[in-house]
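Following this message is one structure expressed as structure tokens.
The values are calculated or read from the model by the stated rules, or taken from the named source; none is laboratory data. Since the model is a prediction, treat every value here as computed from it, not as a measurement. Note: ideal-geometry Cβ built from the backbone for every residue, glycine included; neighbour counts use all protein chains shown. Only protein heavy atoms, including side chains, enter the accessible area calculation; ligands, DNA and RNA are left aside. Shrake-Rupley method; radii C 1.70, N 1.55, O 1.52, S 1.80 Å.
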Amino acid sequence: MSESNHFSQSDEPAHDAPGPAPGPSDGGSVPEGRVPDRSVSGDFGSGGPAPGAGSATGSGESAPGAGSAPGTGGEPGPDDEQGQDGRPGPGTGPGQGHGGRTGHGGEQAPRMMARMFPPGAGPSPDPAGSHHERRIRSFQPRRSRVTKGQRLALEQLWPRWGFDVDGLRTLDLGALFDDPELPVVLEIGFGMGEATARMAAADPATGVLAVDVHTPGQGNLLRLADEQGLTNVRVGNGDAIILLREMLPPDSLSGLRLYFPDPWPKARHHKRRLLQPEFLDLAARPLRPGALVHCATDWENYAEQMLDVLSAHPAYENTQPDGGFAPRPENRPLTRFEGQGLDKGHKVRDLLFRRR
């Protein structure tokens with residue numbers, strides 16, 4: 001990313017970023033060439049992928065907003081679902097629920113989303129495709145505007161520095177970063193990528209594998225990395241669970257970052273929070289011993305849950321002698337989103353754990 005193309009930062013939209021393609025409802029039709037899902041896995045599909053249809057893109061997101069709420073695992077997709085930090089999302093109205101369900105729990109035939117880029121030339125709207133398994137989702141798929149600058153960055157840089165989380169191959173991180181000795185940190189949910197780019201610039205000796213489902217954010221991070229001459233950033237499009245479970249080799253990561261994931265503030269939605277014991281089980285395999293797990297949130301009861309879940313897991317140990325929260329490390333930049341939370345009186349909590 002050494003040659004800057006000076007991608008425009010204009011807010012003028014160039015295209016709607018496609019959300020994930022909905023899968024078939026339990027009783028609906030199935031797109032040609034796909035097999036209906038007949039099994040229901042656990043929350044994170046620990047038993048392996050089921051040959052289901054539809055899409056499974058997404059991860060804990062750092063950017064605000066919401067689109068069609070997940071309808072997997074028998075869950076309806078309510079229009080009143082909330083986005084990042086409890087902010088209400090616009091919803092999609094009836095007939096738009098993920099998993100072939102309407103926003104009010106009704107049924108509909110699947111509606112495939114249009115592809116913005118030719119295959120291989122940009123992020124796919126449905127990277128996992130038929131590799132999808134049914135489970136409770138921790139993210140909110142949504143549609144957003146892609147600016148001309150973001151689209152140009154995706155068109156020019158994605159074939160070299162982007163990849164789809166399709167679950168069909170194991171990543172060779174040394175080849176991906178053109179350096180087999182480079183330590184790699186996984187960041188799940190990077191929003192518009194400003195903080196990710198700043199951390200990558202401050203530590204060029206560490207590779208940043210950044211995964212999200214937000215197309216404008218993917219394009220913006222690629223643009224920032226190119227303009228700043230960064231060579232240590234790679235951008236993944238899709239579900240972080242599939243990436244952890246099926247695409248990362250054992251002991252391949254030197255760290256994991258989870259900054260301001262969707263807190264799912266309503267009590268009935270807490271099961272959708274990303275940081276759960278099952279998630280830590282999956283992350284333990286690609287994390288090498290001594291790898292740092294750094295989480296941050298400005299939602300108090302989610303911070304308490306994170307601390308409880310991490311402290312109880314045998315694969316991780318708290319770096320703080322008192323077993324509590326950590327001071328914000330200087331290497332984690334104060335983001336615009338974080339500043340908005342602080343202005344509202346939210347208290348930001350950092351957690352620093354190590355893989356045993």
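Could you list, in sequence order, all residues of segment 295-319 that are open to solvent by less than 40 Å² (accessible area, probe 1.4 Å), of a type outside the set (D, E, K, R) and in a loop (DSSP other than H, G, I, E, B)?
Of everything in segment 295-319, those that are open to solvent by less than 40 Å² (accessible area, probe 1.4 Å), of a type outside the set (D, E, K, R) and in a loop (DSSP other than H, G, I, E, B) turn out to be His313, Ala315.
Between a residue in segment 142-170 that is closer than 16 Å to Met192 by Cβ and any residue that is part of a helix (DSSP H, G or I) and among the hydroxyl-bearing types (Ser, Thr, Tyr), which pairs come within a Cβ distance under 7 Å, given they are 6 or more apart or on different chains?
Every condition considered, the pairs that remain are Ser144/Thr215; Val146/Thr215.
Also, I was wondering about something else. Based on this model, can you work out whether Gly236 counts as of a type in the set (Gly, Ala, Ser), part of a helix (DSSP H, G or I) and under 14 Å from the mean Cα position of the chain (by Cα)?
So Gly236 does not fit the description; no.
Still on this structure: Take Pro118 and decide whether it is modelled with pLDDT under 95, surrounded by 23 or more Cβ atoms within 10 Å (Cβ to Cβ) and more than 14 Å from Leu222 (Cα to Cα).
Here the answer is no, as Pro118 does not meet what is asked.
Please determine, by comparing only the residues of segment 234-281 that are among the polar types (S, T, N, Q) and surrounded by fewer than 24 Cβ atoms within 10 Å (Cβ to Cβ), which one is farthest from Arg356 (Cα to Cα).
Among those residues, the one meeting the criterion is Gln276.
Quick one: Glu304 ticks every box in (1) free of Cβ contacts under 8 Å to residues at least 24 places away in the same chain; (2) of a type in the set (D, E, K, R); (3) under 23 Å from Ala201 (Cα atoms) bar one, so which box is it?
(3)
Identify all residues within segment 190-233 that are closer than 23 Å to Pro261 by Cβ, in a loop (DSSP other than H, G, I, E, B), among the small types (Gly, Ala, Ser) and modelled with pLDDT of 95 or more; write none if there are none.
Of everything in segment 190-233, just one residue is closer than 23 Å to Pro261 by Cβ, in a loop (DSSP other than H, G, I, E, B), among the small types (Gly, Ala, Ser) and modelled with pLDDT of 95 or more, namely Gly193.
Follow-up. What number of residues within segment 215-233 satisfy the criterion of being buried (at least 21 other Cβ atoms within 10 Å of the Cβ), touching a residue at least 60 places away in the same chain (Cβ under 8 Å) and of a type in the set (S, T, N, Q)?
Residues flagged as buried (at least 21 other Cβ atoms within 10 Å of the Cβ), touching a residue at least 60 places away in the same chain (Cβ under 8 Å) and of a type in the set (S, T, N, Q) within segment 215-233 amount to 3.
Looking only at segment 320-340, which residues are out of contact with any helix residue (DSSP H, G or I) (no Cβ under 8 Å at 6 or more places or on another chain) and not in a loop (DSSP other than H, G, I, E, B)?
Selection gives Ala326, Glu338, Gly339, Gln340.
Now, a different point. So Ala175 clears everything in (1) open to solvent by 20 Å² or more (accessible area, probe 1.4 Å); (2) not in a helix (DSSP H, G or I) except one condition, right? Which one?
Here Ala175 clears every test but (2).
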